[in-house]
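Participant: What follows is a structure written as structure tokens; I'll ask about it next.
The values are calculated or read from the model by the stated rules, or taken from the named source; none is laboratory data. In this text the structure is predicted, and so the values were computed from the model without any measurement. Cβ sites come from the backbone with ideal geometry, for glycine too, and all protein chains shown count toward neighbours.
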């Protein structure tokens, strides 16, 4: 396979096999980033795929579209091009509606855009248009231009090389997230939720503060120390971060002053529950 890719690109290629677990672990994520950088620095094209031989269902990304988005994020790409078997995103299903028209430009991805996506994909891929829009949303939110094009049209890439639009282009936003922030926001799957009061919500949203025990109202699910968690206020998720304490520990110290943690638990892991450096606002 790598020999065929090398012939097609007329360049050396290297195979990179990833699992979702690789992307969720910060050390491995950084190692992937460094490996991709060094390969490109040495003019070697990385060919990325999911490591299906070792990935169980719980560790799978599950579709190539989101895997492509994660790869674009970890490599800090300028552009993500997703190939499919139609010309791009339409305002209706072109297979069923002869009046459907191509949407050349999407400036904002909201629920109405997801509603256009329809169901599952074809036998040639694990995802449909819905997963392609998921991937586009991840990337444009981080400032990465995203295109959905017809991969079966041999003129597409010639058209793009001329600076002309082919397919659907999703306008990138100006991202203010750091690389670590993007990892927290888009790659980690939350294991539970910490519900906070108004004071804590305001401190997080307006003052750039860490989350402290006094502002915690309750927790959901049995997450452990180091797990990613959502932080919610009035049933709305306002942030995501890495919890320093488990759900069981937080059930004992919620509402307490940080100085009371050691007396309550018999030990302390620190005075904050989620540090500002390990937290991204949503």
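Participant: State whether one or more residues within the range 180-194 are assigned to a helix (DSSP H, G or I), touching a residue at least 12 places away in the same chain (Cβ under 8 Å), in contact with a strand residue (DSSP E or B) (Cβ under 6 Å, 6 or more places away or on another chain) and under 22 Å from residue 270 (Cα atoms).
Facilitator: Scanning the range 180-194 turns up at least one residue that is assigned to a helix (DSSP H, G or I), touching a residue at least 12 places away in the same chain (Cβ under 8 Å), in contact with a strand residue (DSSP E or B) (Cβ under 6 Å, 6 or more places away or on another chain) and under 22 Å from residue 270 (Cα atoms).
Participant: Now for a separate question. Filter the range 26-55 down to residues that are within 19 Å of residue 180 (Cα to Cα) and out of contact with any helix residue (DSSP H, G or I) (no Cβ under 9 Å at 6 or more places or on another chain) and give me whichever is modelled with the highest pLDDT. First the steps, then the outcome.
Facilitator: First pass over the range 26-55, keeping only residues within 19 Å of residue 180 (Cα to Cα): 26-37.
From what's left, out of contact with any helix residue (DSSP H, G or I) (no Cβ under 9 Å at 6 or more places or on another chain): 27, 34-35, 37.
On the way: 27: 79, 34: 85, 35: 91, 37: 86.
By that ranking, first place goes to 35.
Participant: Yes or no: residue 142 over 26 Å from residue 268 (Cβ atoms) and either touching a strand residue (DSSP E or B) at 6+ places or on another chain (Cβ under 7 Å) or at pLDDT 90 or above (or both)? Break it down into steps so the answer makes sense when it comes.
Facilitator: Values: over 26 Å from residue 268 (Cβ atoms): yes; either touching a strand residue (DSSP E or B) at 6+ places or on another chain (Cβ under 7 Å) or at pLDDT 90 or above (or both): no.
Here the answer is no, as residue 142 does not meet what is asked.
Participant: Taking the range 135-159 on its own, how many of its residues are within 13 Å of residue 88 (Cβ to Cβ) and surrounded by 23 or more Cβ atoms within 10 Å (Cβ to Cβ)? If you could, list the steps in order and put the result at the bottom.
Facilitator: Going through the range 135-159, the residues within 13 Å of residue 88 (Cβ to Cβ) turn out to be 136, 146-153, 156, 159.
Among the residues that remain, those that are also surrounded by 23 or more Cβ atoms within 10 Å (Cβ to Cβ) are: 136, 146, 148.
Of the residues in the range 135-159, 3 are within 13 Å of residue 88 (Cβ to Cβ) and surrounded by 23 or more Cβ atoms within 10 Å (Cβ to Cβ).
Participant: May I pose another question? From (1) touching a residue at least 24 places away in the same chain (Cβ under 8 Å); (2) within 30 Å of residue 72 (Cα to Cα); (3) surrounded by fewer than 20 Cβ atoms within 10 Å (Cβ to Cβ), pick out the condition that doesn't hold for residue 226.
Facilitator: (1)
Participant: Kindly indicate whether residue 58 is within 21 Å of residue 185 (Cα to Cα), at pLDDT below 90 and part of a loop (DSSP other than H, G, I, E, B).
Facilitator: Working: within 21 Å of residue 185 (Cα to Cα): yes; at pLDDT below 90: yes; part of a loop (DSSP other than H, G, I, E, B): no.
For residue 58, the condition - within 21 Å of residue 185 (Cα to Cα), at pLDDT below 90 and part of a loop (DSSP other than H, G, I, E, B) - is not met.
Participant: Looking at the range 210-219, can you tell me whether even one residue there is touching a strand residue (DSSP E or B) at 6+ places or on another chain (Cβ under 6 Å), under 27 Å from residue 23 (Cβ atoms) and touching a residue at least 60 places away in the same chain (Cβ under 8 Å)?
Facilitator: Yes: one or more hits.
Participant: Report the residue count in the range 131-152 for those that are assigned to a helix (DSSP H, G or I) and at positive phi. Even if it seems obvious, please write down each step before you answer.
Facilitator: So the first thing to find is which residues in the range 131-152 are assigned to a helix (DSSP H, G or I), and the list is 131-140.
Among the residues that remain, those that are also at positive phi are: none.
Counting residues in the range 131-152 that are assigned to a helix (DSSP H, G or I) and at positive phi gives 0.
Participant: Given the range 207-282, what strands (runs of 3 or more DSSP E) lie entirely inside it while holding 3 or more residues that are within 18 Å of residue 184 (Cα to Cα)?
Facilitator: Numbers: elements: 216-220, 228-233, 236-242, 279-281.
Answer list for the range 207-282: 228-233, 236-242, 279-281.
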